[in-house]
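What follows is a single structure, written as structure tokens, with notes after it.
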Amino acid sequence: MNSVTIVPSLLVEFHCHTNASKDSLTRPEELTAAARAKGIDRLIITDHNTIAGARLAQQIDPNLVIVGEEILTTRGEILAAFVTEEIPAGLTPQETIRRLKEQGAFISVSHPFDRMREGGWAEEDLLEILPLVDAIEVYNSRCMLPQFNREAKRFAEKHNLPSTVGSDAHAAFELGRSLLLLEQFEGPEGMRKVIRNANFETRWSPPWFHLSSRYATIRKKIGLGLDMQNQA
């Protein structure tokens, strides 16, 4: 009788946000608690242009949280894991990637063909950075139109690129809607070694999910306005 080798797998959420992002009200402790409750093994927190929320979450649960960042470049958004030094918004993709590589970070590309977001990519710009990245995001639960994810998947297959998926959760209830199933790994180099063997669990998030981030953005703007009035 032949023996079967069972390779342990990890459930990995690669794309989520805390209240350090301008469009989320989710506190780091809420996000980590939700991840544990949902059986998520690794939580890559990718706030917009900051690692402050991810660092706080990692202090709360260091075995769960991986510090990441979603960075708006002059051409589109980069999605990174194992970030040790925050990268500012507004740099070119090449400069952003150069700084990430200096840290050894794992580099993916957020929702590359989502034309309804500021962080979407033109194909010619994406082609320029393909040799420099580790993967692209082929399924994002918050893409409003399914065709955006299908385009990303076809693009990855055409260019033989590894893939990531993510819930893009801005509220705790969204967490875990799209997960990577990866073999055990340690650090960014370990992730690079197993990413091509990834399996996916994906679910689309209906448009009303976006109300949570819209509400967060408005509430923060109102709060900032009140603070400025009080200071006057």
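The values are calculated or read from the model by the stated rules, or taken from the named source; none is laboratory data. Source: prediction; values computed, not measured. Please note: Cβ atoms are built from the backbone with ideal geometry, for glycine as well, and neighbour counts cover all protein chains shown. Quick note on the areas: whole protein, heavy atoms, side chains included, nothing else; ligands and nucleic acids left out. Shrake-Rupley method; radii C 1.70, N 1.55, O 1.52, S 1.80 Å.
Restricting the first member to the range 157-186 and to residues that are under 13 Å from Ala35 (Cβ atoms), and the second to residues that are open to solvent by 40 Å² or more (accessible area, probe 1.4 Å) and in a helix (DSSP H, G or I), the beta-carbon pairs closer than 6 Å and six or more apart or on different chains are Ala172/Glu30.
Here's the yes/no breakdown for (1) closer than 15 Å to Phe14 by Cα; (2) among the acidic types (Asp, Glu); (3) touching a residue at least 24 places away in the same chain (Cβ under 8 Å):
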{"site": "Arg27", "(1), (2), (3)": "no, no, no"}
{"site": "Glu30", "(1), (2), (3)": "no, yes, yes"}
{"site": "Ala34", "(1), (2), (3)": "yes, no, yes"}
{"site": "Lys38", "(1), (2), (3)": "yes, no, yes"}
{"site": "Arg42", "(1), (2), (3)": "yes, no, yes"}
{"site": "Thr46", "(1), (2), (3)": "yes, no, yes"}
{"site": "Gln59", "(1), (2), (3)": "no, no, no"}
{"site": "Pro62", "(1), (2), (3)": "no, no, no"}
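Against the list (1) under 15 Å from Ala171 (Cα atoms); (2) open to solvent by less than 60 Å² (accessible area, probe 1.4 Å), the condition Leu25 fails is (2). His170 meets each of the listed conditions (1) of a type outside the set (A, V, I, L, M); (2) in contact with a helix residue (DSSP H, G or I) (Cβ under 8 Å, 6 or more places away or on another chain); (3) open to solvent by less than 30 Å² (accessible area, probe 1.4 Å); (4) farther than 17 Å from Gly68 by Cβ apart from (4). Checking each residue in the range 156-167 for being open to solvent by less than 10 Å² (accessible area, probe 1.4 Å) and in contact with a helix residue (DSSP H, G or I) (Cβ under 8 Å, 6 or more places away or on another chain) picks out Thr164, Ser167.
Okay, residues lined up against (1) in contact with a strand residue (DSSP E or B) (Cβ under 6 Å, 6 or more places away or on another chain); (2) surrounded by fewer than 16 Cβ atoms within 10 Å (Cβ to Cβ); (3) of a type in the set (D, E, K, R):
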| position | (1), (2), (3) |
| --- | --- |
| Gln94 | no, yes, no |
| Phe106 | yes, no, no |
| Gly119 | yes, no, no |
| Ile129 | no, no, no |
| Tyr139 | yes, no, no |
| Leu145 | no, yes, no |
| Asn149 | yes, no, no |
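If you check Thr46, Thr18 for being within 12 Å of the chain's Cα centre (by Cα), over 24 Å from Gln184 (Cβ atoms), at pLDDT 95 or above and not aromatic (Phe, Trp, Tyr), only one passes: Thr18.
Within the range 193-207, being crowded, with 16+ Cβ neighbours inside 10 Å and part of a helix (DSSP H, G or I) holds for Val194, Ile195.
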